[in-house]
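The structure under discussion appears below in the form of structure tokens.
All of the numbers you see were taken from the coordinates with simple rules; none came from a lab. These figures come from a predicted structure and were not determined experimentally. No Cβ is skipped: glycine too gets one built from the backbone with ideal geometry, and neighbour counts run over all protein chains shown.
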Amino acid sequence: MRVGVIDYGAGNLRSVANALHHVGAQPVVSDDAETLLACERLIFPGVGAFAYGKQALVSRGLDRVVSEAAARKTQLLGICVGMQLLFDRSQEFGDHEGLGLIPGEIEAFAPGGGAQPLRLPNVNWLPIAPMSKAGGLAGRLLDGVTERSRFYFVHSYHAQSANPFAVARAQYGGQPFAAAVAKGSIFATQFHPEKSGPDGLKMLKNFVN
Amino acid sequence: MRVIARLDVKNEWVIKGIQMEGLRKVGDPIELARAYYEAGVHEIIFMDAVASLYDRNSLFHIIEGACQNVFIPIVIGGGLRSLEDVSSALLAGADKVAINTAAVNNLSLVSQIASRFGSQCMVGSIEAKRQADGSWQAYVDNGREPTGLNVLEWVRELEAAGVGEILLTSVDQDGTKRGFDVELFSAVNAITSRPLILSGGYGARKHLQALSAGGQMPNAIAVGSVFHYNKATPGDLISLSDSLDEKALAA
């Protein structure tokens, strides 16, 4: 299966491509809208700052690929900042508009109530708890996740676990947040499945099956 | 707590010494990285041990090879000195860069890396050596060259410049398997709100228990010798770390 990886200059695309190869898919890393939209699945990766990612995406005209994929019901997997950019807006370093494909805001963790401030970014391998409503695409991708599964997170901002489109939650410093969200043909994770060892590869395999 | 395998690399070989001296060949970096990944480590650090001699990092092709079969975060360090170097490292497949000498020479590079690639990719690397007066000084070139910087002050400066994590290596404990410099860890951990990777000295379970008994655990430990010389498996260390984490949560 051909899986388009949206190359907008944000992040380690080689890892995503290698992981796709590993699960038997054919990665197509590209910054060309038509090439990407011709693929059967899309991955919207991302690391770094929200505003930088948004600007990099728009300046290459690739925001259209994401919204067009949603309109055509092409299955799309957003990762980390790629997930966050799908939302309405983010509070990271000001107030920035996202792509508005998933209602809600990306917000900061609270400073933490203990003797020490909450250590940020949250750089940890954490368990995730799928929510009972996770059916359809989300149910397929979360298949095989157990309480022993661990996923690699690196982020300082997050979507609310109470968001109606959250399909799995995690917590850090006692604060729950959305580990994964799903809406229509879109599934997106705050963690990095391509960096989460066998548990992450299983999720990618579910995605390309 | 994350358990990270640290591979110090010289001329295509993983090497390990004691206090960063007397280096011995341990194995092939790509094969070792794969073996540690399959054994369950959370992350891998590749450190170019001779970068300062050649003035550049020579590990990019090793990262390219390793990341074909290793699906966990990869950190690369040694000899990276510009935004272009960082870009090449990330293109090769690294997720983060560990910067020591270049930050000492030009702290603004840290800020530039953080704003261009995100702070999650910018690991501030500190080689700390205990001084006669009980303080710690930051070193470069594998603990050989003093910088004149007090480690605790340097941590604050790195944090203000935008590092996303701190890799704290005790030169005194490196390769000794005699335990961490617990005082160094406590002093640094108390003043930073960034995740801390503690490196240098792990040799036995009691060394991790000693850290935990102090009431604080690092976000991660980086381990070389005990893995290289089969004194502990990643699996052992991860289950010990998980049980200490649970204890800390329950407390």
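Say the dipole of region B:81-183 comes from +1 at the beta carbon of Lys and Arg and -1 at that of Asp and Glu; which of B:ILE113, B:GLY162, B:ALA138 then lies farthest toward its positive end? Of B:ILE113, B:GLY162, B:ALA138, it is B:ILE113. Per residue, the convex hull spanned by the Cα atoms of region B:1-54 amounts to 90 cubic angstrom. I need the P(r) histogram for the protein assembly as shown: all alpha carbon pairs, bin width 20 Å from 0 out to the longest distance, whole percents. Result, from short to long distances: 26, 59, 15, 0 percent.
Dipole magnitude for chain B: about 400 debye, using +1 per Lys or Arg Cβ and -1 per Asp or Glu Cβ, origin at the Cα centre.
Separation of region B:167-230 from region B:1-35 is 17 Å, based on Cα centroids.
On a 27 Å Cα-Cα criterion, which of the cross-link pairs A:LYS202/B:LYS10; A:LYS54/A:LYS133; A:LYS133/B:LYS247; B:LYS25/B:LYS96; A:LYS205/B:LYS231 come out too long? Result: A:LYS202/B:LYS10; A:LYS54/A:LYS133; A:LYS133/B:LYS247; A:LYS205/B:LYS231 exceed 27 Å. Counting neighbouring beta carbons within 10 Å and listing from fewest to most, the residues A:LYS133, A:LYS195, A:LYS205 come out as A:LYS133, A:LYS205, A:LYS195.
Under the shape rule built on the C-alpha gyration tensor, where the axes satisfy a ≥ b ≥ c, region B:37-89 is prolate, since a/c reaches at least 1.5 and a/b is greater than b/c.
Here the simple spin-label model places points 7 Å from the Cα toward Cβ, and for A:ASP88 and B:ALA132 these points are separated by 6.5 nm.
Orientation-averaged projection of region B:1-99 equals 6.2 nm² [convex hull of Cα atoms, one quarter of hull surface area]. Taking the fewest neighbouring Cβ atoms within 10 Å as the starting point, the ordered list for A:THR74, A:THR146 is A:THR146, A:THR74. Kirkwood-type hydrodynamic radius, chain A: 16.8 Å, calculated from all non-identical alpha-carbon pairs. The ellipsoid that matches the Cα gyration tensor of chain B has semi-axes, each √(5λ) in whole angstrom, of 24, 22, 18, with the longest given first. Exposure proxy ranking for B:VAL75, A:VAL208, based on other Cβ atoms within 10 angstrom of each Cβ and starting from the fewest, stands as A:VAL208, B:VAL75.
Across the alpha-carbon set of region B:96-182, the Rg to Rh ratio works out to 0.98, Rh being the Kirkwood radius.
Averaged over the residues of B:57-70, the number of partner chain Cβ atoms lying within 10 Å of the residue Cβ comes to 2.
A straight line joining the Cα centroids of region B:83-153 and region A:133-209 runs 33 Å.
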